[in-house]
Amino acid sequence: MRKLLLVTSAIAVGLIFLVRLFYLQVYNSDSFNILEDTAIRAEYNYPKRGYVYDRNGKLLVANQPSYDVMVIPREVTPLEPSEIKDFCNLLGITAEDYEKKLTKATNYSPRLPSPFVPQLSKADYAVLQEVMWKYEGFYIQKRSMRSYQTDIGANVLGDIGEVGQKEMNKDSYYKLGDLIGKQGVEKSYEDILRGVKGIRFIQKDRFNKNIGPYKNGQYDTLPKPGKDITITIDSELQAYGELLMKHKRGGIVAIEPSSGEILAMVTGPSYNPNLLVGRERNKNFSRLFRDTINMPTYDRGLQAQYPPGSPFKVINALIGLQEGVVDVNDRFSCRMGYYYGSRKLTGCHHHRSPVDMNQGISQSCNAYFVNVYRRIVDKYDDPGVSMNKWAEHAKSFGLGNFLNNDLSVGRPGRIPDGDYYDRAYGDNRWGSTYIVSNAIGQGEVEATPIQLANMAAAIGNRGFYYTPHIIKNIESDTLPSNFTVPKYTTIDKAHFEPVVEGMFDVYNEGTASTLRIPGIEICGKTGTAENFVKIDNVKTQLTDHSIFVAFAPKDNPSIAIAVFVENGYWGSRFAGRMASLMIEKYIKGETTRKDLENWIFTHSLENEYKKPYSGEPFRINGETQLQLIENYALKD
């Protein structure tokens, strides 16, 4: 009986092994198992990355051939010092680099291929391919790298670079040495542009020599090219904006109000996108990133949070009308500023007085808008309730949030509410005079240029906007519905017309009257923002910032724009001129105000930018009104 049990057990175990082996050999086609098989080498065939076109069909980003020298460490045969020297000379590296790269590849995996020297040129490849047979364990893998057909829009287009460990951990598609979108549309639309890698499995013999395709190539796959995309940028307008921003710091964002499509997204200073292509990419990126004076890799149109200044006054006008605390005909006096008792809370420039809403906007009267803002905050006994209402209205214009767009970077700005000031002062221990700077777009209010452009679009549309976005068309695909559904503000449509008229009169008789463009009805708003920064840990007031927002034409606008020029003095000096020129360039296709253009081209602000910022580089006013309040306001 025991003998029978032993025989039966042996037969059963044998059958189990036979069935498992049969399954593994015949039925199991799991690619993971193939990749783990030490007798099989996987070679990847990289797809063509999708092209990028501008809104008018101009090719902006294409591909060019590139060649990577790959290494499988365990297959590398020891080389003589003279052989290493010859190999390194061909690759343009040192013997020390050779040892470091080989060690890195071995640490990654001794049996899997990894890049040894990536992105060789076609000329380098022509020389290397003749001698690669001498260096066992090394082979050349062809792929493509980007070819930027333009020298503009680096912040828009972005770049591709070698994938990092975090990215590989997040997505198993990527292997060491793969390229991935790092910034701009290359990053935002990586999944669409990259395509799908093909793979070829090579069978090796016991001497580790290639003997042909594994199972006649039945598990091999072909690469699937990435999809081409069309972005919303008008490359001619973008180029013109970058030309205007030369020798200046700041951001310009232009949007088509009827769709939310971004027409231009300028940051200054910028750089040529071709600097971040090929073997010099890492060196060039380090140089650009470490430039703490110009910060060319910092997208000021999306990331720089500035006090919005006087353009924010139109939001307070709309909120005042919606909350019923002011009428368009209400008039307030201005004595070169706003006084609380005998204390001057804010100054103002010279203009006629008293002023109604239209004149308050067109003449940019600080006293008028402090009166309006105080009525809003004082509407309810609890100022926190009023401020929550105020914040809700302001945020409905896309202020204080990321806008849920498809851009690779951005910052939310800030719209403070009642809770914000309750935490700062305590419940019911503050009032409107504590926070009057919010009335004129200073204080705790912060916005990015793209938010201000979107705000202008919402006003031009009389109460709604489309999420600003950079994608116009995806090959054989549809756009996300988020970009095609309008977002409505909390302000009734009827309240927009008097504000639009006030912005129209900014050009007719107000602070931008010298910037009119023949044949185009432009509605705009100038702005000047105080500029406090810390330099060498000392609080310093620098030259004010120049701000301008506008849309045109007045009815059914085709462009809305925000321009922010750091240290540009006042709104109409730099930003206003640039906005008018950008609008004319887009609508007419050319510029006729050559006086404005020549002035911009011949005036540089480089002397204003001699030192890098310290601390928070774009907390422009350095200290908020919570810290400065004792300097200019009385407490209730």
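What follows draws every value from the coordinates through simple rules; no lab data is involved. Just so it is clear, the structure is predicted and the values come from calculations on it, not from any experiment. Here the Cβ is made from the backbone with ideal geometry for all residues, glycine too, and neighbour counts use every protein chain on show.
Taking 25 Å as the straight-line reach from the Cα of Lys209, the lysines in range (excluding those fewer than 8 positions away in the same chain) are Lys101, Lys104, Lys134, Lys142, Lys175, Lys197. The orientation-averaged shadow of the Cα convex hull for the chain, equal to a quarter of the hull surface, comes to 40.4 nm². If R0 equals 56 Å, the separation of the Cβ atoms of Thr543 and Asn473 corresponds to a calculated FRET efficiency of about 0.85. Between Val131 and Val485, the modelled label-to-label distance comes to 6.3 nm, taking each label 7 Å out from Cα in the direction of the beta carbon.
Rounded to the nearest 0.05, what FRET efficiency do His247 and Gln218 have when you use their Cβ-Cβ distance and R0 = 60 Å? Please list the in-between numbers first.
On the way: r = 62 Å, r/R0 = 1.03.
With R0 = 60 Å, the Cβ-Cβ based efficiency is 0.45.
Annotation: the antiparallel percentage among DSSP beta bridges lying fully within segment 40-231 is about 95. Peptide packing: for 191-200, 163-172, the average count of neighbouring Cβ atoms within 10 Å per residue gives the ranking 191-200, 163-172, highest mean first.
If packing is taken as the average count of other Cβ atoms within 10 Å, what order do 250-258, 285-293, 499-507 fall into, highest mean first?
The peptides rank, most packed first, as 250-258, 499-507, 285-293.
For segment 444-579, what ratio Rg/Rh do Cα atoms give with a Kirkwood hydrodynamic radius?
Numbers: Rg = 17.3 Å, Rh = 16.5 Å.
Ratio value, two decimals: 1.05.
Let's test the formula: R0 of 30 Å, r as the Cβ-Cβ distance of Asn169 and Glu43. What FRET efficiency results, to the nearest 0.05? Calculated value: 0.80. Under the criterion of Cα pairs below 8 Å and six or more residues apart, the relative contact order for segment 40-231 equals 34 percent.
Taking only C-alpha pairs under 8 Å that are 6+ residues apart, what is the relative contact order of the chain in percent?
Averaging sequence separation for qualifying contacts and normalising by length gives 14 percent for the chain.
In this rough spin-label picture, where each label sits 7 Å from Cα along the Cβ direction, the Arg290-Leu18 distance is 6.9 nm.
The angle between the Cα long axis of helix 449-460 and the main principal axis of the chain comes to about 60°, on a 0 to 90 degree scale.
Assign unit charges at the C-beta atoms only (+1 for Lys and Arg, -1 for Asp and Glu), then state the dipole size of the chain relative to its Cα centre in Debye, rounded to the nearest 20.
Values: 76 positive and 74 negative charges, 290 e Å.
Charge dipole, the chain, about its Cα centre: 1400 debye, nearest 20.
Below 8 Å between Cα atoms, with a sequence gap of 6+, how large is the relative contact order for segment 228-358 in percent? Relative contact order for segment 228-358 comes out at 16 percent. The peptide list 558-569, 402-413, 232-243, put in order of mean Cβ contacts within 10 Å with the highest first, becomes 558-569, 232-243, 402-413.
Taking the Cα-to-Cβ direction at Thr602 and at Met336 and moving 7 Å from each Cα, how far apart do the two end points lie in nm? Placing both labels 7 Å along Cα→Cβ, they lie 3.3 nm apart.
When every Cα-Cα distance of segment 88-180 is counted in 10 angstrom steps from zero, the calculated P(r) takes the values 12, 38, 35, 14, 1 percent.
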